[in-house]
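Engineer: One structure, pasted below without further comment.
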Amino acid sequence: MVTEDFTDQHASGGAEDAGSDDQRGPDNPAARFGASMSPRASAKTLQARLIRKERENLERVFASFETEDSVARAAALIAGARRRFIVGHGRSAAFAHLLDLDLSHGVSQVSLIDGQSTRSIDVLTDVRSTDVLVAFSMRRYRRETADLVHAFAQRGGTVVAVTDSVDSPLVAPASEVVIVPTCSASVTDSATGIAAVIHLLTALTTASAKGSRRRLTERESLIQEMGLYI
């Protein structure tokens, strides 16, 4: 469960204020179009507004993680696990897929719960205390992700939640929570900060996981042997 220290740390200021509902606007693309995007605006004007907002958002992301250690703590949990599962549904499936691809380069026992090669019910059948589930869920929060996170935690596994608000349904059952600002001038919430967090998680986890150097070297040797790239 999330500790009181986490709640106190995020009670005022920091990433979740930058991603609050008041600043992010409506939670559906149709409503956001009328609220934040004028059909009469030129492409140049709209592009400038989007770039400015994304730059501000990314600055908030890095500023927040310079003053608190949730990403580093999350990376330590992932590195110390025996098995690492990653999940996300809807738009968050793309974030889960990116972390799976990047983390698998240097870390073993990484599985993306995609409903095909790895299914939620199979994972929940055999949860161990040394397992970690990294779950991505941004508003509007998908029910299947929240249900999986709760069930995984109830069975003794460790949950790392990457989400956009302290009000997210992933917060309560998680052992560690990374709150990512997602303010945007577009019809969708920003993914810029989430991509940055995935980059940080990958780098910090790979740097501290056992056998990363050997795995990276062996992987590169196989890539050359198989001629995967032009």
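Engineer: If you go through the range 210-225 one residue at a time, do you hit one that is open to solvent by less than 20 Å² (accessible area, probe 1.4 Å) and aliphatic (A, V, I, L, M)?
Structural biologist: For the range 210-225, residues open to solvent by less than 20 Å² (accessible area, probe 1.4 Å) and aliphatic (A, V, I, L, M): absent.
Engineer: A follow-up question, please. Quick one: is ASP167 in a loop (DSSP other than H, G, I, E, B), of a type in the set (Asp, Glu) and crowded, with 21+ Cβ neighbours inside 10 Å?
Structural biologist: no
Engineer: Only one of these conditions is not met by GLU176: (1) within 20 Å of ARG91 (Cβ to Cβ); (2) in contact with a Lys or Arg (Cβ under 9 Å, 6 or more places away or on another chain); (3) of a type outside the set (A, V, I, L, M). Which number is it?
Structural biologist: (1)
Engineer: Another question, if that's okay. Limited to the range 207-230, what total is found for residues that are in a helix (DSSP H, G or I), hydroxyl-bearing (Ser, Thr, Tyr) and without any contact (Cβ under 8 Å) to a residue 40 or more places away in the chain?
Structural biologist: Total meeting the criteria: 2.
Residues checked against (1) in a loop (DSSP other than H, G, I, E, B); (2) surrounded by fewer than 20 Cβ atoms within 10 Å (Cβ to Cβ); (3) without any contact (Cβ under 8 Å) to a residue 40 or more places away in the chain; (4) not aliphatic (A, V, I, L, M):
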{"site": "VAL177", "(1), (2), (3), (4)": "no, no, no, no"}
{"site": "SER184", "(1), (2), (3), (4)": "yes, no, no, yes"}
{"site": "SER190", "(1), (2), (3), (4)": "yes, no, no, yes"}
{"site": "ALA196", "(1), (2), (3), (4)": "no, yes, no, no"}
{"site": "LEU201", "(1), (2), (3), (4)": "no, no, no, no"}
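The values are calculated or read from the model by the stated rules, or taken from the named source; none is laboratory data. None of the values given here were measured: they were computed from a predicted structure. Don't worry about glycine lacking a Cβ; one is built from the backbone with ideal geometry, like all the others, and counts go over all protein chains shown. Only protein heavy atoms, including side chains, enter the accessible area calculation; ligands, DNA and RNA are left aside. Shrake-Rupley method; radii C 1.70, N 1.55, O 1.52, S 1.80 Å.
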